[in-house]
Structure formats: C-alpha cells, structure tokens
Amino acid sequence: MARLLVHIATGPENPTRAALGLLVARSALEAGHGVDVFIAGDGVSLLRPETLDAGHGIGTGPFREHIDALVAGGAVLYASGMSSKARGLSADGLGGLPVQMAPPTRLIELALEADRVLTY
C-alpha cells in the first residue's frame, strides 16, 4: 500500500473543500493506505472543537466525523505550529485531539517521505 500526505490549508470559510480533504484522507486510510494529514494556514481553525462540531461540507460530510475516523484508524495529524500560534490555537485548545504541532520543516519531510501528496 502507498503512503499519502494530505495537506489542508483551507479553513472553515470553504467548508466543502476542507471537508473534501478530510474525506479523501479518510477514504485512503479505509482503503489500507498510510495517511498523514498536515493542516496549515487557515485550515488550523478547523481543529477548534466548536468548528469541528459545526463544520460540514456540501456532499463531503462533517468535519468531526472525518477527524474521528482518521484518529481511530491511526492516521497521524499535524498542525502547523506557526499557523496555530498566529490564530491563537495551542495543543491544549484542541479538545484532546491527538494533533502534533509541527514546523514547516516537518511538512517538507512528510512530503518527501510520501508516495503522493494531495493539497486542499
């Protein structure tokens, strides 16, 4: 099976596109692929508990359902530390989600380790 990196930089201002990235990551994981999800830029706002619970894409499903399935399936979730800090987010404010705060260098490493990279 392949290793996939899904990079999500779209935030709640475009819920369908953001949920599509999560749906694709979830679908790859359910198909047996290894999946890393790196959320950066405006996308880190998706990780706020209230946004996760309310967010829903048109035809692409609810944010919370996708994130919960990714976590349960063993996907590794990363959030840009710089993007999070700029938006007032910290690991403590993510409602217990197992998200690793990471620098841009980690995104580069993940991209180089992945068989494919998809960006939303």
Among the numbered conditions (1) part of a helix (DSSP H, G or I); (2) modelled with pLDDT of 95 or more; (3) of a type outside the set (S, T, N, Q), tell me where ASP92 comes up short. (2)
Given the conditions (1) buried (at least 17 other Cβ atoms within 10 Å of the Cβ); (2) more than 20 Å from GLY96 (Cβ to Cβ), which single one is not true for LEU46? (2)
Go through the stretch 43-60 and give me each residue that's touching a residue at least 24 places away in the same chain (Cβ under 8 Å) and in a helix (DSSP H, G or I). GLY43, VAL44, SER45, LEU46, LEU47, PRO49, THR51, LEU52
Could you please find all residues in the stretch 49-58 being surrounded by fewer than 19 Cβ atoms within 10 Å (Cβ to Cβ) and either touching a helix residue (DSSP H, G or I) at 6+ places or on another chain (Cβ under 7 Å) or of a type in the set (Lys, Arg) (or both)? THR51, ASP53, HIS56, ILE58
Given the options ALA19, ALA28, ALA40, ALA79, name the one that is touching a residue at least 60 places away in the same chain (Cβ under 8 Å), open to solvent by less than 20 Å² (accessible area, probe 1.4 Å), within 16 Å of THR119 (Cβ to Cβ) and not basic (Lys, Arg). ALA40
Per-region count, the stretch 61-73, residues open to solvent by less than 70 Å² (accessible area, probe 1.4 Å) and in a helix (DSSP H, G or I): 8
If you take the residues in the stretch 99-120 that are surrounded by fewer than 17 Cβ atoms within 10 Å (Cβ to Cβ) and assigned to a loop (DSSP other than H, G, I, E, B), which one is farthest from the chain's Cα centre (by Cα)? ASP115
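The values are calculated or read from the model by the stated rules, or taken from the named source; none is laboratory data. If you're wondering where the values come from, they're calculated on a predicted model, not measured in any experiment. Positions of Cβ are generated from backbone atoms using ideal geometry, with glycine treated the same way; all protein chains shown enter the neighbour counts. Surface accessibility is based on the protein's heavy atoms, side chains included, excluding ligands, DNA and RNA. Shrake-Rupley method; radii C 1.70, N 1.55, O 1.52, S 1.80 Å.
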